[in-house]
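Enquirer: One structure follows; several queries about it will come next.
The values are calculated or read from the model by the stated rules, or taken from the named source; none is laboratory data. Just so we're clear, the structure is a prediction, and the values are computed from it rather than from any experiment. Note that we place each Cβ from the backbone using ideal geometry, even for glycine, and neighbour counts take in every protein chain shown. Keep in mind that these areas ignore ligands, DNA and RNA; they rest on the heavy atoms of the full protein, side chains included. Shrake-Rupley method; radii C 1.70, N 1.55, O 1.52, S 1.80 Å.
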2 protein chains.
Amino acid sequence: MGGARSKDGLEALKERLLAGDTRALARAISLVEGGGEAGRQMTQLTFTHAGSAFVVGVTGIPGAGKSTLVDGLATLYRKADERVGVVAVDPSSAFSGGALLGDRIRMQRHTSDPGVFIRSMATRQHLGGLAVATPAVVDLIDAAGHQRILIETVGVGQDEIEVIEMADTVVVAMVPGLGDDVQAIKAGILEVADIFVINKSDHEGADRLHQELENLRGLVEHPKGEWVSPIVRTVATTGEGIEELRAAIEQHAADPRNRPRRQERLRRAWARRLRELIDEGLWSRLLEAMPLAQEMDGLVAEIAGRRRDPFSVAESILRRVRLKAGK
Amino acid sequence: MGGARSKDGLEALKERLLAGDTRALARAISLVEGGGEAGRQMTQLTFTHAGSAFVVGVTGIPGAGKSTLVDGLATLYRKADERVGVVAVDPSSAFSGGALLGDRIRMQRHTSDPGVFIRSMATRQHLGGLAVATPAVVDLIDAAGHQRILIETVGVGQDEIEVIEMADTVVVAMVPGLGDDVQAIKAGILEVADIFVINKSDHEGADRLHQELENLRGLVEHPKGEWVSPIVRTVATTGEGIEELRAAIEQHAADPRNRPRRQERLRRAWARRLRELIDEGLWSRLLEAMPLAQEMDGLVAEIAGRRRDPFSVAESILRRVRLKAGK
């Protein structure tokens, strides 16, 4: 099927995707995940058609029940006849390069519903990583006409934080009864959480966790009139509290006070991405101008052997470069 | 104390650090974490003096008891009169920029022992992040003469994986009785684990976890004669199994079959770092050659507003660049 990778083929694929064709969407995502030139062109072709979906990020440690929460929200959105996209960022794949849990056992009750599009992302499948591939995939699902997109991720690493920062509303899920390390994560996560969920809130310790969260929230200075992240209690497996969570997300989305913060997040993310693309371009130019690929192995061996430091090596290369710019 | 930042001041600080002076070490680390020119020079000055410590990475999800395991290992190494360094990468700080748990409540019984140097790292304190700052800090502790360095991290994100890949031996800690998400992480972590620990192995479900780990390990193809990661059971709070863990680490370290893999990890890490340094240099050159800083805001706004795609914007900038290289 090399045809789809030609310029005309990509145009045709784009048109089908914009018309909401699920197979075209899946195909386009595979191209983007592949990381090659066709994926890049696909992202470029669809970029200005995305940006209208409402994106909810759901993050939390393993075991917090994020998949079940996402499943519950998807069900409510479907009842309102909204087209839903789900992107599950799967840390299981961090080392193996494949989504082990995968789409199959996730959200099985939605698999026969064409109004729900589900995709698992593996962490390491792509140069530039998750932080590049996930927003590109979200954009494709958006351009294909899904009004609600749910991103599920484990909010620990830098990449995951960058991914979740692309969301319009960030939900941080917690569960009662875990140890001290968890308390530590909680303490730090305040800055990114728009809404807190205490899932498995029928378990012992839910009241204490609720109290702790309120205390933590009190530590942060809230300028007068700023959004104060609500705490929603759920039992995702029975559906308890999911309607309240949906309502809290609506409130956060509709509240005009939250717009500047969201725009600042977006601006930061796109500035970073633009810089990365320029870096990649400059690197390609350097490789064209200099037989660096051949030298790299020897230089890296000198560094790894502690004979030269990486700064000196980088400087010795940069000293050979002349860079000029026109208007 | 601007004096220490002058060239002579840094030389003097380096000499004290190489002589094993703990205060000089703490000072040098602060400079490196600060991310400025003095930190860069400090890294450069000490680089060829590092590389002789044996570095153990301990990773696992929150609640796996990593701190207690690290504490137990540090105690054993101290009994053998080895100087120990501990670097705790603290995910609590991912959002807040400060180590909330911090050095104070970590490993309290070692605080009066000058043979143990403990440092917590916050994820976001530094441009380039954890993946750059942590190895630099480990190198400083190494150059100051600590023979054993323990890095504790939550092994989920890309940054954390890059950090842990710098270690000579990677220990992955698990606990029985957690949910499905955890199983998923386990499944993916096989490629990086040199040794598995089942901590809290007196808890229910330890046998099942042990069996599952053996099964998973069986799924990976082990070329004949390759190291097969052992599974060590511990109860870190009572010290049970810590001696066995220490012995497993020794075995992994001493086994000549493991050298190629370790060297390949190191080579990859340094190649990545060298590329980053060159990228930074090229970016600075670009900013000198072009009034890009002034243009960036407008360009980013066009991208965030979906009026232009980031690839086209990057291309329009790169088209204005001429890059030449000499010998």
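Enquirer: For the range A:244-278, name all the residues that are free of Cβ contacts under 8 Å to residues at least 24 places away in the same chain, of a type in the set (Lys, Arg) and closer than 29 Å to residue B:321 by Cβ.
Expert: Listed by number, the residues that qualify are A:267, A:275.
Enquirer: Which one is most open to solvent (accessible area, probe 1.4 Å) among residues in the range A:283-312 that are assigned to a helix (DSSP H, G or I), in contact (Cβ under 8 Å) with a residue 12 or more places away in the chain and facing another protein chain (nearest Cβ under 8 Å)?
Expert: It comes out as A:289.
Enquirer: Would the range A:236-249 turn up any residue that is in contact with a helix residue (DSSP H, G or I) (Cβ under 6 Å, 6 or more places away or on another chain), in the same structural domain as residue A:56 (by TED's automatic domain parsing) and over 22 Å from residue A:70 (Cβ atoms)?
Expert: no
Enquirer: What number of residues in the range B:1-22 are over 22 Å from the mean Cα position of the chain (by Cα) and open to solvent by 30 Å² or more (accessible area, probe 1.4 Å)?
Expert: Count: 13.
Enquirer: Go through the range A:32-43 residue by residue and tally those that are more than 10 Å from residue A:136 (Cβ to Cβ), outside any loop (DSSP other than H, G, I, E, B) and not acidic (Asp, Glu).
Expert: 3
Enquirer: Among A:134, A:123, which is open to solvent by less than 20 Å² (accessible area, probe 1.4 Å), among the hydroxyl-bearing types (Ser, Thr, Tyr), at pLDDT 85 or above and assigned by TED's automatic domain parsing to the domain that holds residue A:72?
Expert: A:134
Enquirer: Can you find, within the range A:313-327, the residue that is nearest to the other protein chains (Cβ to nearest Cβ) among those that are buried (at least 18 other Cβ atoms within 10 Å of the Cβ) and over 14 Å from residue B:324 (Cα atoms)?
Expert: Going through the qualifying residues, I end up with A:314.
Enquirer: I would also like to ask the following. Taking residue B:228, is it among the aliphatic types (A, V, I, L, M), assigned by TED's automatic domain parsing to the domain that holds residue B:161 and open to solvent by 50 Å² or more (accessible area, probe 1.4 Å)?
Expert: yes
Enquirer: Of the conditions (1) closer than 20 Å to residue A:276 by Cα; (2) modelled with pLDDT of 90 or more, residue A:34 satisfies every one except a single condition; which number is it?
Expert: Failed condition: (2).
Enquirer: Please determine, by comparing only the residues of the range A:11-29 that are closer than 18 Å to residue A:116 by Cα and of a type in the set (Gly, Ala, Ser), which one is nearest to the other protein chains (Cβ to nearest Cβ).
Expert: A:28
Enquirer: Against the conditions (1) outside any loop (DSSP other than H, G, I, E, B); (2) in contact (Cβ under 8 Å) with a residue 60 or more places away in the chain; (3) open to solvent by less than 40 Å² (accessible area, probe 1.4 Å); (4) within 14 Å of chain A (Cβ to nearest Cβ), where does residue B:64 fall short? Just the number, please.
Expert: Single failed check for residue B:64: (1).
Enquirer: Could you grab me the full set of residues in the range A:254-275 that are more than 7 Å from chain B (Cβ to nearest Cβ), open to solvent by less than 60 Å² (accessible area, probe 1.4 Å) and modelled with pLDDT of 90 or more?
Expert: A:255, A:258
Enquirer: If I ask for residues that are more than 21 Å from residue A:88 (Cα to Cα) and open to solvent by 50 Å² or more (accessible area, probe 1.4 Å), which ones from the range A:23-43 would you list?
Expert: A:37, A:40, A:41
Enquirer: Report, by residue number, each residue of the range B:1-19 that is at pLDDT below 95 and not in a helix (DSSP H, G or I).
Expert: Selection gives B:1, B:6.
Enquirer: Just give me the residues in the range B:45-61 being in contact (Cβ under 8 Å) with a residue 24 or more places away in the chain, open to solvent by 10 Å² or more (accessible area, probe 1.4 Å), over 16 Å from residue B:147 (Cβ atoms) and facing chain A (nearest Cβ under 8 Å), in sequence order.
Expert: Residue satisfying the conditions is B:61 alone.
Enquirer: Do you know which residues across the range A:301-327 are in contact with a helix residue (DSSP H, G or I) (Cβ under 8 Å, 6 or more places away or on another chain) and either farther than 27 Å from residue B:51 by Cα or of a type in the set (Asp, Glu) (or both)?
Expert: Selection gives A:302, A:309, A:315, A:321, A:323, A:324, A:325.
Enquirer: Taking the stated definitions as given, is residue A:84 buried (at least 23 other Cβ atoms within 10 Å of the Cβ), in the same structural domain as residue A:169 (by TED's automatic domain parsing), among the hydrophobic types (A, V, I, L, M, F, W, C) and at pLDDT below 95?
Expert: It is false that residue A:84 is buried (at least 23 other Cβ atoms within 10 Å of the Cβ), in the same structural domain as residue A:169 (by TED's automatic domain parsing), among the hydrophobic types (A, V, I, L, M, F, W, C) and at pLDDT below 95.
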